[in-house]
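Okay, structure first, notes after.
What follows is calculated from the coordinates using simple rules that are stated; it is not laboratory data. Not measured: the values here are computed from a predicted model.
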Amino acid sequence: MDSAGVRRYSDTVLLLVFLLWVPACQPFKLSRTTEVILFEEVWNRSYCRTIEVLVDVIKEYPSESAYIFKPSCVPLFRCAGCCGDEKLQCTAQETHNITMQIIKLKPSEHVTQQEEKTFTEHSSCECRPRRKRLKGERRNSKRRGQKRNSSKLARETAPSRLNSLQLRASATQTPAAPGPAADGAGVPASHLNTMTRLSQRHSSQHNR
């Protein structure tokens, strides 16, 4: 290729680069028309119904928290949405079970296995009145909370109370006065000797 051919080739490449670069430099223009979703569609889409949500596997199987699941969450259809009244809540009317294959790992044993897990899905939903808590339930929950707080306080104050009692006991303790050597169950040796002599005297008189 002669010099003229090389020049034409380089000019062509520069032209292509320029044509590709010009559209990228143009400013981005926002559309003035914004789509508005009508109220009827908003109401229907937000009303109580079954929708697909991601649920943690551990939440469905809390007793297997020592394991790791892959994936850690699964897609399930559950009831969700608004009821149009604060006194009502969206609850499941009908349910069914669905089985999925997931990977189960136990890090402590380096064990990996594939398992089939059963989950509950909601088939239909309805708006029901919210369940009111009875006075007895509120009272019991309050008592349980007070009991937990008192137990926690007792556990926290027990060591400090024990230390204060030990310090008080060591401060009031006095050394015992020295006395004669004792033998047996705390009886002085002199008393034991006297008792031995009396016993020997009684036995000799009895033999006579």
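Details
- Vicinal HN-Hα couplings computed from phi for region 41-53 (Karplus, 6.51 cos²θ - 1.76 cosθ + 1.60; Hz; Gly/Pro x): 5, 4, 5, 5, 6, 9, 6, 4, 6, 8, 9, 7, 10
- Computed from backbone phi with θ = phi - 60° and the Karplus coefficients 6.51, -1.76 and 1.60, the 3J(HN,Hα) list for region 84-93 is x, 8, 5, 7, 10, 9, 7, 10, 7, 9 Hz; x is used for glycine and proline.
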